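J.: One structure, as structure tokens, below. Some questions next.
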Amino acid sequence: MNNRRNFIRTAGATMLGATAVSRVGAASLPEAVIQTSPDMQPPLIPTTGRPYNPVVTLNGWTLPWRMKNGVKEFHLVAEPVVREIAPGMKVNLWGYNGQSPGPTIEVVEGDRIRIFVTNKLPEETTVHWHGVLLPSGMDGVSGLTQPAIRPGKTFVYEFVLQRSGTFMYHPHADEMTQMAMGMMGMFIVHPKDPRQMKVDRDFVFLLNAYDVDPGSATPKVNTMLDFNLWTWNSRAFPGIDPLVARTGDRVRIRMGNLTMTSHPIHLHGPHFEVTGTDGGWIPKTARWPEVTTDVAVGRMRAIEFDALAGDWAFHCHKAHHTMNAMGHDVPTMIGVDQKDVADKVRKLIPDYMVMGERGMADMGEMEMPLPDNTLPMMTGQGPFGAIGMGGMFSVVKVRDDVKPGDYKDPGWYKHPAKTLAYEYTGGLPNPARAAGPTADKTTLIVRKPMGGHEGH
Amino acid sequence: MMKTRIMATRAEMRAPHSMRPLKRLAAAGAALFLAGCATVSPDGGFGTVQQLTKERTGQTATWQRPDAQADSAKARVDELLQQPLTADSAVELAFLNNKGLQASFSELGIAESDLVRAGRLRNPSFTFGRLSGNGAVEIDRSILFDVLGLLTMPLAKQVEQARFEQAQLQAAFEAVGVAADTRRAYFSAVAAQELVKYFGQVKEAAQASSELARRMAHTGNFSKLTQMREQAFYADATAQLARAQHQAVAERERLTRLLGLGSDQLNFKLPERLPELPKSAVEPKDAEQTAMDKRLDVLMAKRSADAVAKSLGLTKATRVVNVLNFGYANRSQTGEARSNGYLIELELPLFDFGVARLLRAEATYMQAVNRTAQVAINAQSEVRESYSAYRTAFDLAQHYRDEVVPLRKRISEENLLRYNGMLISVFELLADSREQVSSITGYVEALRDFWVTDTNLQTALTGRSPDASATERPSAKAALAAGGAH
């Protein structure tokens, strides 16, 4: 696995083409490259075909291709995979080429591409190229536009990319199950002219959600709304990479939503503009300045901003979506004095600890044993303590000294002098108030009824 | 039935030396009387009972007779009451103290006196008649000996011996029954007492839930409905505990009755827990044969059939002449010299030729034979059933101990982990702890059932029917009475 990753990193795509030939010889099928590391791979700089500015897939990678008679050939293998959601939790998913989501496919406007899809799932599948203009027979809806790909079979999709933009791919056969199991990937069509919509850093990821019962490893595919793992590219904070940029970089973040609810994605710090939608690029005059953009179900959004130095939280603003597995039927304990009851409970359950009396933040601080393969609800330590968020949360880390093409985590931001919130340690004098009237014998004394009305 | 008395007097019989045969007869009678005389044994036959009982219960039964060592028995009772009771010491106590059992031991004394009486000749009877009229007085005197009784004495003695042995078996049978009842009551009492503790824990968990829910409602975090649901658990748990507490009292009192303890002896101690489950269940070999050889009700039925067979022989022997009285007679008449003679009384089967009695005896015999067969069939079947119950109880108790309880514990551990992750609330945690406790009560009940079925199996193998308790069984005496008919 590591060898493979290093190989991809160092050798690059050209060598992969060569490997493919050496492995399968003169066969017409390009090698299906496998990636199993959950870490973010460096951008795949194109060495064949039209040039473009590659994207970086958050905790993911880009699928290598080979050129054959001017056609870009890709090989996707639909198969069961094991994905680490965050350290301490692995989930059985279905994905492509060793990962869920599958690799990002990057192509250029005008490219003719041929995608071989091999089905190694236990059931039939198809691939639908979400948002891509193509011949109807390549649209991948089983039954409607093509027969399903039976297990063990390989189908070929071949079409020419008409328009640049941000797209997705996912199955359209038993899609409820297959998407609940993580079958999805990003599909990026770069403009023919690399100068068009050029940015310094271009991040992509999918929004996805799973319902994995604590202590288990396979998502419950019948769950409709009550998911408990809210993820980006099937990773939950603290398993999500930071989005690293250099001060002043033009940064683009492209997001596709394949969950069953919308996600208001919010960026702290720099304001951004929505520059791309499902339909393509938005003309400058029509762009919305925002700090939160709602990425609705089945949609893609591209936002752009100029990076400002600092550690900027970047998250879904639905508060439950920045949590990991939590009980949704747990009553609120705030304000309930549990002390003496707790003693009683502890007689029956010796390891019982009082929680929630002061809110849920206790969770972030207490390190208590959890069921196997279960992420704590709120984890992740920042430089000032527990961050208290999980799930759809990451940090945009902008530094002055980041080199171009460097996506390494630069660590925590060092705040310049006098730019950090601080504790007030002065006194709290009583405010001066005007004196009220004093009571005399004519003052009405109101006697309140005593007892029996505590519940009012 | 018509009795014809044939009297031979001096008027009809010439017997010039009438005193001589009378003397000889008296001498022979005295010899026979002495030979046939059975005496009361020093232990009243209780030694056999003790042995039978000890073999079957492991404990020695004692018969508290007025002259016996009542003080030492009382001392032993006091000594046993000092320590927490074990099943064995409870049985020992019951043997010493159960008044009903002592009462049934007294049957033995009654049977023995019958046996002794059967070995003795019926007292000779003396008749005296005086007739007067027309200035004359006639006086008849006669002394009669039960000659036939003398002839049939060996047979009668055998019958009474059988009855006596029957009574010994019966006494052992009662003792084994009391022992079984005591063991069952003991295990039930210990279990009931242990269950009170666990139902107390359930109540405590429910109380914590209820109290917390009350505070939740007070701070506005719970609706009245949710609060009352938690309160309802508590209310139910309280009722459950009250029932368990009464059950413990009832079981203890049942044991108290069997132990024959008075109101000044009520603070006897029971252990906190039932004995552990044995490592493995017993596999009795030749269980049914053992029951045939050892079971007291089987032995009694066999003995009873034997006795009936013997009495059948007796009936055959006496069906023509069943009473023959022979005696000395004399007559004095006014104005005449005393005339001496002898008389023989013979009962003749003029209308009852014995056939009806023979039929009755045969029917009685067949009844005894069939009853014995039925007792044997029941015993064999009971052994099989008891073994199944025993084996099931063992497997169940083991299952609770090795599967259910540990599983519930692991579930509780997992639930605590879920609670740690705020995946479930403290209320679910408490509800789960209630269920965990229930699994323990399930184990206690299974363990109690095991010990009860163990007692039942032992009883079925060597003692008696395990179904009915000794204190509820009137049938044994009826069977004895039927078996002893002759």
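The values are calculated or read from the model by the stated rules, or taken from the named source; none is laboratory data. This one's a predicted model, so the numbers in the text were calculated from it and none came from an experiment. FYI the Cβ positions are ideal-geometry reconstructions off the backbone, even for glycines, and counts take in every protein chain you see. Accessible surface is based on the protein model in full, side chains and every heavy atom, while ligands, DNA and RNA are left aside. Shrake-Rupley method; radii C 1.70, N 1.55, O 1.52, S 1.80 Å.
J.: Sequence-distant or interchain residues sharing an amide H contact under 5 Å with B:L423, placed H: which?
T.: Counting only residues 5 or more places away or on other chains, the set is A:G327.
J.: Averaged across A:328-341, how many Cβ atoms of other chains sit within 10 Å of each residue's Cβ atom?
T.: Working: counts 1, 5, 9, 10, 6, 8, 4, 6, 12, 4, 6, 0, 2, 11.
Mean shielding by partner chains, rounded to a whole number: 6.
J.: If you average the alpha carbon positions of segment B:197-238 and of segment A:31-53, how far apart do those two centres end up, in angstrom?
T.: The distance from the Cα centre of segment B:197-238 to that of segment A:31-53 comes to 60 Å.
J.: Using the Karplus curve 6.51 cos²θ - 1.76 cosθ + 1.60 with θ = phi - 60°, what ³J(HN,Hα) values do you get for each residue of segment A:154-163, in whole Hz, with x for Gly and Pro?
T.: Per residue, the Karplus-derived 3J(HN,Hα) values read 10, 10, 10, 10, 9, 7, 10, 7, 8, 8 Hz.
J.: Keeping all protein chains in position, work out how much accessible area A:I334 exposes to a 1.4 Å probe, and write it in Å² to the nearest 10.
T.: My reading of the accessible area for A:I334 is about 100 Å².
J.: Here is a further query. I'd like the accessible area for B:I424: 1.4 Å probe, protein heavy atoms, all chains in place, Å² to the nearest 10.
T.: Near enough 10 Å² of accessible area.
J.: Averaged over its residues, how many other protein chain Cβ atoms are within 10 Å of peptide B:423-436's Cβ atoms?
T.: Values: counts 14, 4, 8, 14, 3, 4, 4, 6, 0, 2, 5, 1, 0, 2.
Per residue, the number of nearby Cβ atoms from other chains is 5 on average.
J.: Let me ask you something else. Where both partners of a DSSP beta bridge lie in segment A:201-321, what percent of those bridges are antiparallel, to the nearest 5? Write out the running numbers ahead of the final one.
T.: On the way: 27 of 34 bridges.
Of all bridge pairs located within segment A:201-321, approximately 80 percent are antiparallel.
J.: Any chance you could run the full-extension gain for B:D467 through B:A103? It's 0.36 nm times the residue separation minus the Cα-Cα distance, nm to one decimal. Intermediate results must be reported in sequence, preceding the final value.
T.: Details: separation 364, 0.36 × 364 = 131.04 nm, distance 2.24 nm.
The span from B:D467 to B:A103 would gain 128.8 nm if fully extended.
J.: Sorting check: for A:243-253, A:55-65, B:130-140, which peptide has the highest mean count of neighbouring beta carbons within 10 Å, and how do the rest follow?
T.: Working: A:243-253: 20.3, A:55-65: 25.4, B:130-140: 11.1.
Per-residue mean Cβ counts within 10 Å order the peptides as A:55-65, A:243-253, B:130-140.
J.: Would you tally the net charge around B:R130, using a Cβ to Cβ cut-off of less than 10 Å, leaving B:R130 out, and scoring K and R as +1, D and E as -1? Please list the in-between numbers first.
T.: Working: positive: B:R141; negative: B:E138, B:D140.
Summing Lys and Arg as +1 and Asp and Glu as -1 gives -1.
J.: Separate question: Along the Cα→Cβ direction, 7 angstrom out, place labels at B:I377 and A:L134. What is the inter-label distance in nm?
T.: 8.4
J.: A further question on this structure: For segment A:56-190, what is the percent of antiparallel DSSP beta bridges, rounded to the nearest 5? Show your work: numbers first, answer last.
T.: Working: 28 of 41 bridges.
Percent antiparallel among DSSP bridges in segment A:56-190 is about 70.
J.: How big is chain A by Rg and Dmax over its Cα atoms, in Å?
T.: 26.7, 110
J.: Mind ranking B:L407, B:L430 by accessible surface for me, highest first, 1.4 Å probe?
T.: Details: B:L407 80, B:L430 0 Å².
Output order, biggest surface exposure first: B:L407, B:L430.
J.: Under 1.5 on a/c is rounded, so check that first for segment A:107-258, then, if it is not, pick prolate when a/b is larger than b/c and oblate when it is not; a ≥ b ≥ c are the square roots of the alpha carbon gyration tensor eigenvalues.
T.: oblate
J.: Could you work out the local net charge near B:R410, counting Lys and Arg as +1, Asp and Glu as -1, over the other residues with Cβ closer than 13 Å to its Cβ?
T.: Numbers: positive: B:R408, B:K409, B:R418; negative: A:D372, B:D402, B:E403, B:E413, B:E414, B:D432, B:E435.
Within the 13 Å Cβ shell, the charges total -4.
J.: Across the residues of B:200-207, average count of Cβ atoms on other protein chains within 10 Å?
T.: Counting Cβ atoms of other protein chains within 10 Å of each residue's Cβ and averaging gives 2.
J.: Check the straight Cα-Cα distances from B:K285 and name the lysines below 21 Å, setting aside those fewer than 8 residues away within the same chain.
T.: Leaving aside lysines fewer than 8 places away in the same chain, those within reach of B:K285 are B:K54, B:K294.
J.: Got a sec? What order do A:M197, A:M67 fall in by accessible area at 1.4 Å, biggest, i.e. largest, first?
T.: Numbers: A:M197 40, A:M67 75 Å².
The ranking, largest first, comes out as A:M67, A:M197.
J.: What FRET efficiency would be calculated for the residue pair B:Q51, B:E253, taking the C-beta separation as r and a Förster radius of 25 Å, to the nearest 0.05?
T.: Working: r = 32 Å, r/R0 = 1.29.
Step by step, r from the Cβ atoms, then E = 0.20.
J.: Can you pick out the pairs among A:K120/A:K198; A:K318/B:K224; A:K90/A:K397 whose Cα atoms lie more than 32 Å from each other? Display every interim value, and only then the final one.
T.: Working: A:K120/A:K198 38 Å; A:K318/B:K224 30 Å; A:K90/A:K397 27 Å.
Flagged as over cut-off: A:K120/A:K198.
J.: Please work out the Cα center distance from segment A:162-236 to segment A:276-306, rounded to the nearest Å.
T.: Each part's Cα centre sits 17 Å from the other's.
J.: Ranked by accessible surface with a 1.4 Å probe, highest first, in what order do A:T48, B:T86, B:T441 come?
T.: On the way: A:T48 50, B:T86 70, B:T441 10 Å².
Most to least solvent-accessible, the answer reads B:T86, A:T48, B:T441.
J.: What does the highest-first list of A:70-79, B:455-464 look like by mean Cβ count within 10 Å? Don't skip to the end; give the middle numbers.
T.: Values: A:70-79: 20.2, B:455-464: 25.1.
Top to bottom by mean Cβ count within 10 Å: B:455-464, A:70-79.
J.: Tell me the accessible surface of B:T60 in square angstrom (1.4 angstrom probe, heavy atoms of protein chains only), to the nearest ten.
T.: 60
J.: While we're here: May I ask for the accessible area buried between chains B and A, both sides summed, probe 1.4 Å, to the nearest 100 Å²? Don't skip to the end; give the middle numbers.
T.: Details: alone 26230 and 22760 Å², together 46230 Å².
Using a 1.4 Å probe on protein heavy atoms, the buried area is about 2800 Å².
J.: Can you figure out the FRET efficiency of A:D340 with A:E367, using R₀ = 22 Å and their beta-carbon distance, to the nearest 0.05?
T.: On the way: r = 26 Å, r/R0 = 1.18.
Taking R0 as 22 Å, the efficiency between A:D340 and A:E367 is 0.25.
J.: So how do A:413-422, B:159-168 stack up, highest first, on mean other-Cβ count within 10 Å? Provide the component values of the computation, followed by the final result.
T.: Working: A:413-422: 9.3, B:159-168: 23.3.
Ranking the peptides A:413-422, B:159-168 by packing returns B:159-168, A:413-422.
J.: How large is the dipole of chain A about the Cα centre if only Lys and Arg carry +1 and Asp and Glu carry -1, each at its Cβ, rounded to the nearest 20 debye? It would help to have the intermediate numbers written out before the result.
T.: On the way: 46 positive and 46 negative charges, 206 e Å.
Using Cβ point charges on Lys, Arg, Asp and Glu, chain A gives about 1000 debye.
J.: Right, next: What are the lysines whose alpha-carbon lies under 22 Å from the alpha-carbon of A:K192, with same-chain residues fewer than 8 places away excluded?
T.: The qualifying lysines are A:K68, A:K72, A:K284.
J.: Okay, next question. Using alpha carbons only, how many angstrom separate the centre of segment B:386-448 from the centre of segment B:70-149?
T.: 58
J.: When we measure straight from the Cα of B:K157, which lysines land under 22 angstrom away, once same-chain ones fewer than 8 places off are left out?
T.: Output for B:K157: B:K302, B:K310, B:K316, B:K477.
J.: Here is a further query. With a ≥ b ≥ c the root eigenvalues of the C-alpha gyration tensor of segment A:56-190, is it rounded (a/c under 1.5), prolate (a/b larger than b/c) or oblate?
T.: Working: a/c = 1.77, a/b = 1.26, b/c = 1.41.
Judged from the Cα gyration tensor, segment A:56-190 comes out oblate (a/c at least 1.5, b/c at or above a/b).
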